[in-house]
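The values are calculated or read from the model by the stated rules, or taken from the named source; none is laboratory data. Model, not experiment: these values are computed from the prediction. Heads up, the Cβs are rebuilt from the backbone with ideal geometry, glycines too, and the neighbour counts pull from every protein chain shown.
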Amino acid sequence: MSTSRRDFLSRTALLAAGVAGSAAAQPPEPAHGNNLPVAYSPPKKPVIITRETGDNSVAEAYALLEGGADTLDAALHICQAREDDPNDHSVGLGGLPNEDGIVELDASVMHGPTRRAGSVAALPNIRHAARVAETVMRRTAHVMIVGNNAEQFAVDEGFPKENLLTDDARKIWLLWKEHGIGWWGPGLDSPDWKPPIAAPPGAIPHAALIPRHPTTEHLPAVEARMRYLSERADRMGIPARLRVEAVLQVMWPTTGTIHVSALNTKGELSGATTTSGLAWKIPGRVGDSPIIGAGCYTDQDIGSAGATGNGEENIKVVGAHTIIDQMRQGATPKEAGLEALRRIARNYNNDMTKLRYLDMIYYIVRRDGAYAGVSLWSTRGTGSQKKFVVHDGTLRTEPCDYLFEGNTLSIHPF
Ligand code: ASP
């Protein structure tokens, strides 16, 4: 009898005796992700990383963590406060709409302890997008639901339906519709992209040539364009109290979004990101915020990270996941964030003419409580550094570490 036939027969006999069954019940090899080069032990105090909120929600969320609340509930507390604020034009109610005047929200969550994720994209008419993402995670066997079906899902789950376009946001949108620029390319990464051409002296300067955070040399151009838009806003009946804001939003549309990463003393981690996305986006456009691994990523063994800025660029480097993976190899949060930013720069062959049109901030916390806020560009306004918020027992704002010194230009590079 050949060896293979003998093997086959003896295996069959073993199977019949049930012996092979017990061999199959051996514990599996450890999954690849558990082979950690570095193990991070939990911090002595909880840590929250996010952007400036202008409300009490970070302190409240911290108190929730101290009281033993789940890390995702604490993160969602902050998201929800921003989504409820009609004056925050980058999230939830009052978010700036797409080019058709419809507010479409993107959000995602990751819950470290249960290693689960949920997400919604292009969600209309429901303000608490991050909670809907959490509900996708908790109530379904899916990770992501989009568009009108996400709205229907939310309604079925008891979320109230409402028009998210506030009167102020509608007026700003109308001004943009007449005088702003949109997202029809060629995009910055297209071979057909050309830097905007300067207007002849005395003409209204092209919006894309005006820095988002201008320095004094740009002030004449900024003033000329602001005056022009302000006159138009006046003619359209936009009230004086809203005029400056409307003009600013048309010239430099809000990038904002809110990402929150939360860590407790058990080492449990969660992350949540919620946004109305880039203002004036093409309907149905989905940014990085609801993409697990781009706008939000949490790994219970390593840390949690999220992003605000040009979503398309972040999707291409899977920013939040890249950061977590760098920390898995032992990088500090700052080094990990800078590496993700370098990959964005590399996608443009480090061409500074183009990179000036991009904006990105990463919010990062490692499982041991080390943290960082890391920005592509150093400053906003006339020299004030980009900032993030940390609460680790003391609530404070800290300057971001950065890859490039200077201000970003308009994020509409056309
Ligand atoms: N990342 C968001 C998006 O691309 C926008 C932002 O952060 O401002 O939709």
*Of all residues in the range 291-315 being small (Gly, Ala, Ser) and away from the ligand (no atom under 15 Å from the Cβ), the one that is nearest to Ala262 (Cα to Cα)*: Ser304
_For Asp288: the one exception among (1) within 16 Å of the ligand (Cβ to nearest atom); (2) touching a Phe, Trp or Tyr at 6+ places or on another chain (Cβ under 7 Å)_ = (2)
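Can you tell me how many residues within the range 250-298 are part of a loop (DSSP other than H, G, I, E, B) and of a type in the set (S, T, N, Q)?
Applying the first criterion (part of a loop (DSSP other than H, G, I, E, B)) to the range 250-298 yields 252-257, 264-268, 276-291, 293-295.
Checking the rest, the ones that are also of a type in the set (S, T, N, Q) come to 254-255, 257, 264-265, 276, 289.
Going through the range 250-298 one residue at a time, the tally reaches 7.
Of all residues in the range 94-125, which are acidic (Asp, Glu) and surrounded by fewer than 22 Cβ atoms within 10 Å (Cβ to Cβ)?
First, the residues of the range 94-125 that are acidic (Asp, Glu): 99-100, 104, 106.
Once the filter is applied, which keeps residues that are acidic (Asp, Glu) and surrounded by fewer than 22 Cβ atoms within 10 Å (Cβ to Cβ), the range 94-125 yields Glu99, Asp100.
With the requirement that a residue be within 16 Å of the ligand (Cβ to nearest atom) and either without any contact (Cβ under 8 Å) to a residue 60 or more places away in the chain or of a type in the set (Ser, Thr, Tyr) (or both), what does the range 260-285 give you? Please lay out each step first, then the result.
Here is the first cut: in the range 260-285, the ones within 16 Å of the ligand (Cβ to nearest atom) are 260-261, 271-285.
Within the range 260-285, Ser261, Thr273, Thr274, Thr275, Ser276 meet the criteria.
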*Take the residues in the range 65-93 that are over 19 Å from Ala133 (Cβ atoms) and touching a helix residue (DSSP H, G or I) at 6+ places or on another chain (Cβ under 9 Å), then tell me which one is surrounded by the fewest Cβ atoms within 10 Å (Cβ to Cβ).*
Asn87
*Report yes if some residue within the range 353-367 is surrounded by fewer than 24 Cβ atoms within 10 Å (Cβ to Cβ) and modelled with pLDDT of 95 or more; otherwise report no.*
no
_Complete set of residues in the range 232-259 that are within 16 Å of the ligand (Cβ to nearest atom) and either modelled with pLDDT of 95 or more or more than 20 Å from Thr408 (Cα to Cα) (or both)_ = Ile258, His259
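Residues that are assigned to a loop (DSSP other than H, G, I, E, B), in contact with a strand residue (DSSP E or B) (Cβ under 9 Å, 6 or more places away or on another chain) and either modelled with pLDDT of 95 or more or buried (at least 18 other Cβ atoms within 10 Å of the Cβ) (or both): does the range 166-182 have at least one? Before you say what the answer is, go through the steps one by one.
Going through the range 166-182, the residues assigned to a loop (DSSP other than H, G, I, E, B) turn out to be 166, 180-182.
Restricting the remaining residues to those that are in contact with a strand residue (DSSP E or B) (Cβ under 9 Å, 6 or more places away or on another chain) gives none.
Taking every residue of the range 166-182 in turn, none turns out to be assigned to a loop (DSSP other than H, G, I, E, B), in contact with a strand residue (DSSP E or B) (Cβ under 9 Å, 6 or more places away or on another chain) and either modelled with pLDDT of 95 or more or buried (at least 18 other Cβ atoms within 10 Å of the Cβ) (or both).
In the range 304-323, is there at least one residue being part of a strand (DSSP E or B) and touching a Cys at 6+ places or on another chain (Cβ under 7 Å)? Before the answer, list the steps.
Kept after step one, since they are part of a strand (DSSP E or B), are these residues of the range 304-323: 304-309.
So of that shortlist, the ones also touching a Cys at 6+ places or on another chain (Cβ under 7 Å) come out as 306.
Checking the range 304-323: at least one residue is part of a strand (DSSP E or B) and touching a Cys at 6+ places or on another chain (Cβ under 7 Å).
Return the residue satisfying two criteria in turn: it lies in the range 86-104 and is among the β-branched types (Val, Ile, Thr) and touching a Pro at 6+ places or on another chain (Cβ under 8 Å), and of such residues it is farthest from the ligand (Cβ to nearest atom). Quick ask: steps written out before the conclusion?
Taking the range 86-104 and keeping what is among the β-branched types (Val, Ile, Thr), we get 91, 102-103.
Remaining after also requiring touching a Pro at 6+ places or on another chain (Cβ under 8 Å): 102-103.
Values: Ile102: 15, Val103: 13 Å.
Selected residue: Ile102.
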*What are the residues in the range 328-347 that are away from the ligand (no atom under 16 Å from the Cβ), under 27 Å from Glu134 (Cβ atoms) and without any contact (Cβ under 8 Å) to a residue 40 or more places away in the chain, if any?*
Ala336
*Looking only at the range 54-95, and only at residues there that are at pLDDT 95 or above and polar (S, T, N, Q), the one that is farthest from the chain's Cα centre (by Cα)*: Asn56
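Select, from Val389, Val318, the only residue that is surrounded by fewer than 24 Cβ atoms within 10 Å (Cβ to Cβ), within 16 Å of the ligand (Cβ to nearest atom), under 28 Å from Ser57 (Cβ atoms) and of a type in the set (Val, Ile, Thr). I'd like the intermediate steps shown before the answer.
Numbers: Val318 fails: under 28 Å from Ser57 (Cβ atoms).
Testing whether each residue is surrounded by fewer than 24 Cβ atoms within 10 Å (Cβ to Cβ), within 16 Å of the ligand (Cβ to nearest atom), under 28 Å from Ser57 (Cβ atoms) and of a type in the set (Val, Ile, Thr) leaves just Val389.
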*Taking only the range 247-276 into account, find how many residues are of a type in the set (S, T, N, Q), closer than 29 Å to Gly237 by Cα and surrounded by fewer than 22 Cβ atoms within 10 Å (Cβ to Cβ).*
2
